[in-house]
Amino acid sequence: MNKKAHPRASYPAASGERPSRSDAWGVVAPLLAAVAVPYGLLFPLLRAGWLSRAGFVAAALALSVFAVIVIAIHLSRSLAHLRSALQRSVGKASESVSARQLSLEADRDAALRESAADRALLRQFERAQRIARVGSWEWTRAGDRLSCSAEARRILGADGEQLVRPAAILSLVHPDDRRAFRHWMLELARGAERDGLDVRILSEGELRHVHVLGETLRDETGNRAGVAGTIQDATERTRAIQRIHRLAYFDVLTDLPNRSRFHEKMAETLELAKQRGTSFAIMFLDLDQFKRINDTLGHSVGDDLLRIIAQRLTRSMRPEDMAASLPLGPDERDVCRQGGDEFIVLLNGVANEQDAARAANRLLTTLAQPISLGTQDVFVSASIGIVLYPRDGADLDTLLKNADVAMYHAKAHGRNRFFFYQDSMRAASAQRLSLENDLRKGLEAEQFELYYQPQIELPSCRVVAIEALIRWHHPTLGLLTPTHFIPVAEEAGLIMDIWEWVLVAALIQHNAWIEQGLPPVTIGVNLSSVQFSDAALAARVREIAQVIDVPLDHLELEVTESMLLADFDAALKTLTELRSMGVKIAIDDFGTGYSSLSYLRRLPLDKLKLDQSFTRDAQHNEGDVAITRAVIAMAHSLKLAVVAEGVETQAQIDLLQSLGCTTVQGFLLGRPLPADATAELLRQSAAAGPVPAREPDAAWGSIVQPRTAAATRVDRADEAAAGESA
C-alpha cells in the first residue's frame, strides 16, 4: 500500500534548542547602548562646562533610564511577538503531527479493511468451491510440488501433508483410470490443450467420481512452469446420469432391460449374426389371463407377480441358450419386459427348432410352478411365439411381428403352449385384426341382433325362461354366432360395450313384449369374466334397469364355475348384491369346471344349468347316468332349479325326466329365434293349457343295451348338425 510522505515540521530555536552567544548579545547590546549613549552625548557638555558633574550624572542617569525603559518596552514587544511566533510554530507542528497521526491511522484502517476484504473474499472463494464441490490445484515443475485448496483436499479425502507430489493424487485414482489420468497430466505438462477427464477415486473407502480440468502453467518468460487446474466432485451428477440411464433403458418394476434397450441389443445381435453367418431365436411370451388376475387380486399383487415372473425367466436361462451372446453389462439380461404382461427372450445360442423347443418347454415348466402371493397360491401359464433368424425374417421388425403372430396363434389354440412361426399364421392374424376392426364398426352401425332360446318345462311344455344370445350380421361373412367374435372382443377390450348392448336390448325387448300383451318372462343374459370381475357390476345393472324401467326380478345373469372359483370372496359379494336387488343367478355349463359343493351351498344361486355333455354322454354310459342323477338330486336338495342344456333328441328328454329334471333347453324343443318369432312362441306358450306328461320312450333304455352302428352314426350326425346350427 502506498504511504503519503509528510515533511518534517520546523521548530524555532527557542522552542527546544539551547540559545547561542549571538542570541545573548542581541539582548545585552541594546542595554549597554542605552547606558553608554546618554553618557557619550552629555560628556562633551560636561567638558564644556555647560553641565555640572551632578547635572551630568543626573541627566545621564535620566537618559539611561529613559533608554532602558524604551528598550524594555521594545524587548517586551519583541518577546510578545516571539511568544506569538513560537505559539504559531508549535500549533503548526501539532497540526502536522495530528495530520500525520490521522494519516497513519487511516492507512492502518485501510490496511485492516483490505485485509478483512481479502479474508472475506478468501472465505467466499472457499465457500463457493465447497458449494460447487470444485477444488483448485497447482503443480510446479521447479520443486515438483503440488498445492491443493481446502475443497480439493476434501474431495480427495487427504490432508495437505499427503498431497505434496502428483504421485499422491495418482495413488488415490482407481486402478482402471490411472493410465488415462497419467497420460492426461503428461500432455498438459508438455503444453498441449486437453479436455476435461472423468476419473474415479477411492476417498476414505468410498468410490467417488470426479471431473478434472487443467491447463499449462507458464512463467513471465512464457516457459512451461507446471500445470494448474480444478477438480470437481461429480459423484451426484454421475449417479443421476446412471439413474436417468436406468429409467431410460430398464424397466422400473422388474429391473429387466426395457423395450428400447433390448431392441438395441437385438439389433447388435442381428448385425453380428449377419457378419458371422450364425442363427439365433427370439421368443415372444405373453402371460395367460393376467388381466383377470390383476383385476381380481389387485394391481399391487399383479406387480409382485410380474417381478417374480421376471426372476423366473432370468433364472431359467441356461448358458447354452446364450452361448454367442454379446458382452453384457452388470445389469444386462437376455430377457426384457416388452410391456404389460409381455416378455421377450433372446436365445443367442440357439440355432434350430429342437433347441428352441427345449428352452420354451423349460420356461413353461418354470412358470407352471405355483407362486405364493400373500396368503394364496397363484398359477400362471404363458403363450409363446418363436421365430428363428434368418428363416423367419431378415430384419428385427419382421422377426418381432412374426413372433407376435405365433404367440397369438398359441393363445388361440388353448394357451400354455408355444408355436413356431409359419407363413399361414399371418393370414389368420390378419383375419383376426380385420374382425376386430369390423367389430368396432359393427358396434357403431348396430349390426348386432339378439336371438332368444326358450327354456321349456317338460310336463306343461310351457316357456319358463328365455336366454338372450347375440348374433352379428357381418356385412361380408353373414350371420355370426358368439363363438366367432366374443374371444376377439375380449382381447380387444370391446366385451363391456357388447355386454351392455345385450343387456339393454334384452330389457327393452322384454318391455316390448309386455306392451304386446305377453306375460312377463325371465330373460337370461350371459356374463363374461371381464364383467363379473368389475366391482361396479351391480351398480351398473341397477342403473340400466332403472333407465329402462324393468323389474330386476325378470333378469337372470348366467355365470360359469371358473368365474366363481377365481376369487370366491369377491364373487360372493357381487352375487349377494345382485341377489338383494332381485336379480336371479344361474350357473351355466355346470360340470365342465372344478365343481365344488361348498360354494354351491354358500352362494346365493337360483338355477343350475347342466352342461350338454351330461345328457349327451349319459345316453351311452351308465356311470354318467349315476353322476347326472346325483347332480340333479343335489340341486333339488339345495332348492335350485335344474335346466338341462343341449337337449337334441327325444331319448334325452325321456332320460332327463326319469332322473327328475323337468326343464330343458335345446334344439329339439326350441332353437334360438329372432324377437318376433320368440314373441309368437311366448304367445303360444301362454295360450296353451297344461299338457299331460308323456310316458318315457323306450329309447332311453339304450343306455344299458347295445346299439347298432347305424343308429350311433345317425345320432352323432344329428348332434353335429345341431352344433353347427347353434
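The values are calculated or read from the model by the stated rules, or taken from the named source; none is laboratory data. All values derive from a computational prediction rather than experimental measurement. Cβ placement follows ideal geometry from the backbone for every residue including glycine, while neighbour counts extend to all protein chains displayed.
Values as computed for the structure displayed
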read-out: Residues located in the range 269-286, provided they are of a type in the set (Asp, Glu) and either surrounded by fewer than 16 Cβ atoms within 10 Å (Cβ to Cβ) or touching a Leu at 6+ places or on another chain (Cβ under 6 Å) (or both); value: 271
read-out: Conditions (1) under 21 Å from residue 136 (Cα atoms); (2) of a type in the set (A, V, I, L, M, F, W, C); (3) surrounded by 14 or more Cβ atoms within 10 Å (Cβ to Cβ); number of the one not met by residue 186; value: (3)
read-out: Some residue of the range 287-294 being under 19 Å from residue 389 (Cα atoms) and modelled with pLDDT of 90 or more; value: no
read-out: Enumeration of residues in the range 356-400 that are surrounded by fewer than 12 Cβ atoms within 10 Å (Cβ to Cβ) and outside any loop (DSSP other than H, G, I, E, B); value: 365, 372, 376, 377, 397
read-out: Looking only at the range 561-608, and only at residues there that are surrounded by fewer than 17 Cβ atoms within 10 Å (Cβ to Cβ), touching a Leu at 6+ places or on another chain (Cβ under 8 Å) and among the basic types (Lys, Arg), the one that is modelled with the lowest pLDDT; value: 601
read-out: In the range 69-98, residue modelled with the lowest pLDDT [restricted to those that are surrounded by 11 or more Cβ atoms within 10 Å (Cβ to Cβ) and of a type in the set (Ser, Thr, Tyr)]; value: 78
read-out: Residue tally, condition outside any helix (DSSP H, G or I), in contact with a Gly (Cβ under 9 Å, 6 or more places away or on another chain) and charged (D, E, K, R), over the range 256-295; value: 1
read-out: Residue that is in contact with a Leu (Cβ under 9 Å, 6 or more places away or on another chain), among the charged types (D, E, K, R) and closer than 30 Å to residue 402 by Cα, where the choices are 307, 292, 208, 224; value: 307
read-out: Filter result for residue 509 (surrounded by 18 or more Cβ atoms within 10 Å (Cβ to Cβ) and assigned to a helix (DSSP H, G or I)); value: yes
read-out: Residues that are touching a strand residue (DSSP E or B) at 6+ places or on another chain (Cβ under 6 Å) and either small (Gly, Ala, Ser) or assigned to a loop (DSSP other than H, G, I, E, B) (or both), drawn from the range 401-430; value: 403, 406, 410, 415, 421
read-out: Count - residues of the range 527-570 that are farther than 28 Å from residue 379 by Cα and assigned to a helix (DSSP H, G or I); value: 14
read-out: Matching residues in the range 648-663 - criterion: being buried (at least 18 other Cβ atoms within 10 Å of the Cβ) and either in contact with a helix residue (DSSP H, G or I) (Cβ under 6 Å, 6 or more places away or on another chain) or part of a helix (DSSP H, G or I) (or both); value: 648, 651, 652, 653, 654, 655, 656, 657, 659, 661
read-out: Whichever residue in the range 203-233 is without any contact (Cβ under 8 Å) to a residue 40 or more places away in the chain, of a type in the set (A, V, I, L, M, F, W, C) and under 23 Å from residue 126 (Cα atoms) and, among such residues, is surrounded by the fewest Cβ atoms within 10 Å (Cβ to Cβ); value: 213
read-out: Subset of the range 227-238 [in contact with a Leu (Cβ under 9 Å, 6 or more places away or on another chain) and over 14 Å from residue 137 (Cα atoms)]; value: 235
read-out: Residue in the range 235-247 that is in a strand (DSSP E or B) and within 30 Å of residue 311 (Cβ to Cβ) present; value: no
read-out: The range 411-423, subset at pLDDT 90 or above and of a type in the set (A, V, I, L, M, F, W, C), residue farthest from residue 367 (Cα to Cα); value: 420
read-out: Matching residues in the range 609-647 - criterion: being touching a Leu at 6+ places or on another chain (Cβ under 9 Å), surrounded by 22 or more Cβ atoms within 10 Å (Cβ to Cβ) and within 30 Å of residue 577 (Cα to Cα); value: 610, 635, 642, 643, 644
read-out: Matching residues, the range 134-159, being touching a Pro at 6+ places or on another chain (Cβ under 9 Å) and on the phi > 0 side of the Ramachandran plot; value: 144
read-out: Condition check for residue 483: outside any helix (DSSP H, G or I) and without any contact (Cβ under 8 Å) to a residue 12 or more places away in the chain; value: no
read-out: Selection within the range 213-238 - of a type outside the set (Asp, Glu) and within 33 Å of the chain's Cα centre (by Cα); value: 232, 234, 235, 237, 238
read-out: Residue match in the range 483-502 (condition: under 30 Å from residue 394 (Cβ atoms) and either under 36 Å from the mean Cα position of the chain (by Cα) or buried (at least 16 other Cβ atoms within 10 Å of the Cβ) (or both)); value: yes
read-out: Pairs where the first residue, in the range 365-391, is closer than 20 Å to residue 421 by Cα and the second is assigned to a strand (DSSP E or B) and among the β-branched types (Val, Ile, Thr), C-beta under 6 Å, 6+ apart; value: 387/282
read-out: Members of the range 342-355 that are touching a Cys at 6+ places or on another chain (Cβ under 6 Å) and surrounded by fewer than 18 Cβ atoms within 10 Å (Cβ to Cβ); value: none
read-out: Options 725, 685, 702; residue that is of a type in the set (S, T, N, Q), at pLDDT below 50 and either closer than 24 Å to residue 467 by Cβ or not assigned by TED's automatic domain parsing to the domain that holds residue 465 (or both); value: 725
read-out: Count - residues of the range 164-223 that are aromatic (Phe, Trp, Tyr) and farther than 30 Å from residue 242 by Cα; value: 0
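Here is a yes/no grid of residues against (1) within 30 Å of residue 653 (Cα to Cα); (2) at pLDDT 95 or above; (3) not aromatic (Phe, Trp, Tyr); (4) not assigned by TED's automatic domain parsing to the domain that holds residue 648:
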site	(1), (2), (3), (4)
456	yes, no, yes, no
464	yes, no, yes, no
472	no, no, no, no
500	no, no, yes, no
510	yes, no, yes, no
526	yes, no, yes, no
